[in-house]
1. Can you list residues from other chains, or at least 5 along the same chain, whose modelled amide H is less than 5 Å from the amide H of LEU354?
2. Could you go through the stretch 113-120 in sequence order and give the Karplus-derived ³J(HN,Hα) for each residue, using 6.51 cos²θ - 1.76 cosθ + 1.60 with θ = phi - 60°, rounded to whole Hz, and x for Gly and Pro?
3. Residues with amide H under 5 Å of MET318's amide H, sequence separation 5 or more or different chain, H placed in the peptide plane at 1.01 Å from N; which?
4. Ordered by residue, what ³J(HN,Hα) values in Hz, to whole numbers, does the stretch 226-234 give under the Karplus form 6.51 cos²θ - 1.76 cosθ + 1.60, where θ = phi - 60° and Gly and Pro are x?
5. Out of residues 5 or more away from SER372 or on other chains, whose amide H comes under 5 Å of its own, with H placed 1.01 Å from N in the peptide plane?
6. Which chymotrypsin sites (Phe, Trp or Tyr not before Pro) in the stretch 201-280 pass both tests, a DSSP loop state and at most 14 other beta-carbon atoms within 10 Å?
7. Tell me the label-point distance for the pair ARG88, TRP162, using the 7 Å Cα-to-Cβ offset, in nm and rounded to one decimal.
8. Does a label point 7 Å from the Cα of VAL151, set along Cα-to-beta-carbon, have any residues of the stretch 262-276 with amide nitrogen under 20 Å, and which are they?
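No lab work stands behind these numbers, since they all come straight from the coordinates. Quantities reported herein were computed from a predicted structural model and do not represent experimental measurements. Don't worry about glycine lacking a Cβ; one is built from the backbone with ideal geometry, like all the others, and counts go over all protein chains shown.
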Amino acid sequence: MLWTLVRKYTKPYLRLIALAVVLQLASTLATLYLPSLNARIIDEGVVQGDTAFIWRVGGLMLAVAFGQVVSAVLAVWCGSRVAMAAGRDIRTGVYQRVDSFSANDVSRFGAATLITRGTNDVQQVQLIILMGLNFMVMVPIMSIGGIIMAVQEDPGLSWLVWVSVPVLLIIVGLLVRLLMPLFTRMQGNIDSINGVMREQIMGIRVVRAFVREDHETARFTDANAVLTDTSVRIGRLFILMGPIITMVLHLATTAVLWFGGHRVDQGLVQVGSLTAFMQYLLQILVAVMMGTFMFMMFPRAVVCARRIGEVLDASSTMVEPEAPVDLEDPRGQVAFRGVSYAYPGAEAPVLDSLSFTVESGTTTAIIGATGSGKSTLVNLLPRLQD
């Protein structure tokens, strides 16, 4: 559902998406080129004492770095424009669909969850679009390109890449597997706390009239505690991710310096090439880490997209007439002839064979005992129910 939703609502912005991809490609290639230039400065400039070469290649390095910064900034700008516009369109779609619902349709979903799906859920999908446009080009090119460049600098240390990257991927896969059910639970908890707050705000007069403040406070405290507990569980996994990834990065750096130092001592590789290899290895791991962060947000976005899709795909039980009557007299009238209405699952109708006519410019009072169907009748008049 996430891919269907993203594809539908980003289709009008394909030009901006293409521009963001091209700029991300340029930025990533420039980032991959910088360690190679740095290695040349060390091996051919510093070691040889060639100051002119250092200035020349250093100037090129400065120009490449400037181009990388400009490309990255413009790419983020384009991605942000697409993500914000897509989020706006999705919210509009959800609002228009809910606006067409009957009172029964709203009751079937619940007002609290409809509010969450039109706000927080859309925000999560919007965030995954933004992260996707910023990382979907950079991560694979940085990873694959970094591996190629690292092997070119020193094939003898390439085994470090094949060890560190799978270890990082396994760790990330385990964390994502643990996060998926927690994100599903968290969205339900947000629905619950929104429902409690909505009921308390709408019924504040009744709450105070019957002195139920303590009871309602306890309800909110319970809902808030459940949401807090789920958020803390998710936060613990996110916090665990940082030290683990940092440990992998530091162990990889230590291994490069240890084994690479021996190869430099044996004359198998130059210092500049070793420096470039270490930078490429760090770039690969950082790219994997960024991709990991995106995929850790992916489960929550999938859950939110599924919830949004349920609203967008829901058909209203209130069917509009194919050929509505166009009245020449704007005053008109409201007429019920033998109208009956029963709520879903009810044993008996709350209104039975009701007939009346209300002429334009007149006032009609609806009088009856509690439970006689006054509110139902009022909902039937503007077609909040059929």
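1. Under 5 Å from the amide H of LEU354: GLY338, VAL339, SER340.
2. Rounded to whole hertz, the list is 5, 5, 5, 5, 5, x, 10, 5.
3. Those qualifying (amide H under 5 Å, at least 5 residues apart or on another chain) are SER102.
4. Computed from phi, the couplings for the stretch 226-234 are 5, 4, 5, 4, 5, 5, 5, 4, 5 Hz.
5. none
6. Those satisfying the criteria are PHE210.
7. 5.1
8. Counting backbone N atoms under 20 Å from the label point, the list is 269-270, 273-276.
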